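Below you'll find the structure, written out as structure tokens, and then a few comments.
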Amino acid sequence: MTREAYVDQDVCIGCGLCVSIVPETFRLNDAGVSEVYNQAGSTEAKVQEAIDSCPVNCIHWR
Ligand code: SF4
């Protein structure tokens, strides 16, 4: 991927949807919120799908 995704963890509600859609890139951390653990694990299209699906719009591109 040429762009980097990140999660605004102050906003994330830990619903797990992004992890379900792209488990190769997102995971829930010990605090129960999502984080990008493998930027290169998936495609921009899949990450965009997670961005579009996030109920609180807290996944962004840098
Ligand atoms: S879909 Fe959004 S709110 Fe749900 S865990 Fe992922 S980043 Fe957090």
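The values are calculated or read from the model by the stated rules, or taken from the named source; none is laboratory data. Bear in mind that the values here come from a model prediction, so they are computed numbers and not experimental data. Each accessible area value is taken on the protein alone, full model and side chains, heavy atoms only, with ligands, DNA and RNA left out. Shrake-Rupley method; radii C 1.70, N 1.55, O 1.52, S 1.80 Å.
On average, how much accessible surface per residue is there in the chain, in Å², for a 1.4 Å probe, leaving out ligands, DNA and RNA? Please report the intermediate quantities before stating the final value.
On the way: 3620 Å² over 62 residues.
With all protein chains present, the chain gives 58 Å² per residue.
Report, in degrees rounded to the nearest 10, the 0 to 90 angle that the Cα long axis of helix 44-53 makes with the longest principal axis of the chain.
30
Given the alpha-carbon gyration tensor of the stretch 5-61, what are the semi-axes of its equivalent ellipsoid in whole angstrom, ordered largest first, with each equal to the square root of 5 times an eigenvalue? Kindly include the intermediate steps, with their values, before the conclusion.
Values: eigenvalues 46, 29, 18 Å².
For the stretch 5-61, the ellipsoid semi-axes come out as 15, 12, 9 Å.
Please list 3J(HN,Hα) in residue order for the stretch 5-13, calculated via the Karplus relation 6.51 cos²θ - 1.76 cosθ + 1.60 where θ = phi - 60°; whole Hz, with x for glycine and proline.
9, 9, 10, 7, 6, 6, 9, 3, 9
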